[in-house]
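The values are calculated or read from the model by the stated rules, or taken from the named source; none is laboratory data. Because the structure is predicted, anything quoted here is derived from the model rather than measured. In this analysis, Cβ positions are derived from the backbone assuming ideal geometry, glycine residues included, and neighbour counts consider all displayed protein chains. The accessibility values were calculated without ligands, DNA or RNA, using every heavy atom of the protein model including side chains. Shrake-Rupley method; radii C 1.70, N 1.55, O 1.52, S 1.80 Å.
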Amino acid sequence: MEAVIGRGHAVSGTELRTQSEGDEALVAKFRVVTVPTREVRTSGLPDIDGAPGGTLEGFGILADALNELKPLYGFAVDNPIREHCFVPAVSAVAVREPAHHADLYTPIGGLPPAGSPLDDFVLASRSEEHTLITEELSAWLLDRLP
């Protein structure tokens with residue numbers, strides 16, 4: 001899915017997309033000032049951008065920065081998708097190396113304690129901004145203090 005789309009004359013034809021699973025799926029087309037467009041394709045990676053876990057407005061940060069430039073420079077973009085998965089939950093608690101789509105959706109709550117090298121952990125009930133301190137997670141942490 002398109003996340004950042006070049007609209008200004010300097011980047012017209014540029015597209016950044018969310019990561020698709022598999023080989024040779026288009027991830028990005030870059031065209032900055034010059035006519036040739038460079039394409040970037042996947043190489044066996046899973047679709048991490050939509051995985052459960054900590055999120056980051058990475059696409060939005062880029063789009064905001066480009067759109068703040070003077071219109072004369074021609075770097076205006078549209079930004080239909082602002083955020084992506086920054087840290088997949090399975091990586092955060094070290095239960096899986098996310099090599100495949102199914103790895104990203106491992107039911108972590110049902111794993112035996114030995115399923116992670118961490119002594120104890122909790123996951124937010126939904127994907128949240130990376131490092132966001134929520135009442136839910138704070139309460140869990142406070143319950144473990146001596």
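Taken over the stretch 59-80, the criterion of being open to solvent by 50 Å² or more (accessible area, probe 1.4 Å) and within 19 Å of the chain's Cα centre (by Cα) is satisfied by I61, L62, D64, A65, D78, P80. Does V40 meet the test of being open to solvent by less than 80 Å² (accessible area, probe 1.4 Å), within 30 Å of T134 (Cβ to Cβ), aliphatic (A, V, I, L, M) and assigned to a strand (DSSP E or B)? No: the conditions fail for V40.
Within the stretch 81-105, restricting attention to residues that are modelled with pLDDT of 90 or more, closer than 22 Å to G22 by Cβ and part of a loop (DSSP other than H, G, I, E, B), which residue is most open to solvent (accessible area, probe 1.4 Å)? Ranking the qualifying residues of the stretch 81-105, first place goes to Y105. Restricting the stretch 134-146 to residues that are part of a loop (DSSP other than H, G, I, E, B) and without any contact (Cβ under 8 Å) to a residue 12 or more places away in the chain, the residue that is most open to solvent (accessible area, probe 1.4 Å) is P146.
Rundown of residues vs (1) out of contact with any Lys or Arg (no Cβ under 6 Å at 6 or more places or on another chain); (2) among the β-branched types (V, I, T); (3) in contact (Cβ under 8 Å) with a residue 60 or more places away in the chain; (4) within 26 Å of I133 (Cα to Cα), yes/no style:
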| residue | (1), (2), (3), (4) |
| --- | --- |
| A10 | yes, no, yes, no |
| A63 | yes, no, no, yes |
| I108 | yes, yes, no, yes |
| P113 | yes, no, no, yes |
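Selection within the stretch 106-133: residues that are of a type in the set (A, V, I, L, M, F, W, C) and over 30 Å from S43 (Cα atoms). The member of this set that is surrounded by the fewest Cβ atoms within 10 Å (Cβ to Cβ) is A114. Residues in the stretch 1-37 that are assigned to a loop (DSSP other than H, G, I, E, B) and within 20 Å of the chain's Cα centre (by Cα): M1, T14, T18, Q19, S20, E21.
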